[in-house]
1. Being touching a residue at least 40 places away in the same chain (Cβ under 8 Å), farther than 17 Å from Gln137 by Cβ and under 18 Å from the mean Cα position of the chain (by Cα) is the filter here, so list the residues in the range 38-55 that pass it.
2. Ser197 versus (1) more than 26 Å from Ser45 (Cα to Cα); (2) in contact with a Ser or Thr (Cβ under 7 Å, 6 or more places away or on another chain); (3) among the hydroxyl-bearing types (Ser, Thr, Tyr): which is the lone unmet condition?
3. Against the definition (outside any helix (DSSP H, G or I), at positive phi and either touching a residue at least 60 places away in the same chain (Cβ under 8 Å) or under 19 Å from the mean Cα position of the chain (by Cα) (or both)), how does Arg79 come out, yes or no?
4. So which residues in the range 170-191 are within 16 Å of Glu151 (Cα to Cα) and not in a strand (DSSP E or B)?
5. In the range 93-132, which residues are charged (D, E, K, R) and part of a strand (DSSP E or B)?
6. Report yes if Phe182 is of a type in the set (A, V, I, L, M, F, W, C), touching a residue at least 12 places away in the same chain (Cβ under 8 Å) and within 23 Å of Leu69 (Cβ to Cβ), otherwise no.
7. Among the residues of the range 126-149, are any out of contact with any strand residue (DSSP E or B) (no Cβ under 7 Å at 6 or more places or on another chain), under 30 Å from Leu199 (Cα atoms) and buried (at least 19 other Cβ atoms within 10 Å of the Cβ)?
Amino acid sequence: MKYPICVGMLCPALFVCIALVWSPLEAEARIGERKDTIERRLFSSGGIIYRDDATRQNRQRRMPYLKYLDFFGGSSEVRVYFKTADGRKPASSELEEKNMGDGWDLHVVYVNGKSVLEVYKRSQKMSEHELNYLLTQAAQGSFWKRVEKDEMAEAVSAFGFEMVRDDGSVRSKKLGGDSILFVASGVDERLAKLNDSDLQEKAPVSVDGF
């Protein structure tokens, strides 16, 4: 099956079109899904949730969402999953603190039991086919638009983003060659505003005494 897009070959002004070629389950958007729906699909494909605290913390290192955890609120929860690249059950050696097997880590921030932010991290560089497939899954029958630099400069965003879904509800950003982040647009904006407010509040105390 040919994939509808090759992101590495896109010019900045080009729309990233998503073809409706997968089943309803596969094309269903992940952002906004309930935790039980995500986990039912993931676990049936050989995925697991990291239970060991040390391993989970190691996998979360340098994740961009960590600095905003306090702003998500008391109804939030972060879960980190692992899925092998071939869908088999992972061996115990692939779940060790410093040894990630061939596959994917999936980081999900849930608020009120629904996904609002997801990071898909490959154990190696993502292929263009894998990237395209993730974009297709998150498109929910819509398509992605590349964001121009002047648009980005005016946007309120905690994470920054490279593409926005045509309905405006989801933003995405590649994090190096092995990861991609999806976040609900409203959440992205709210985190940016809360962080800015927090920094303004702390500034007088920070420089007091100079």
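We did not get these values from a lab; they are worked out from the coordinates using the rules stated. Owing to the predicted nature of the structure, the values given are computational and were not obtained by experimental measurement. In this analysis, Cβ positions are derived from the backbone assuming ideal geometry, glycine residues included, and neighbour counts consider all displayed protein chains.
1. Ile48, Tyr50
2. It fails just one condition, (2).
3. No, not satisfied.
4. Selection gives Ser185, Asp188, Glu189.
5. Scanning the range 93-132 gives Glu96, Asp105, Lys114, Glu118, Lys121, Arg122.
6. So Phe182 passes the test.
7. no
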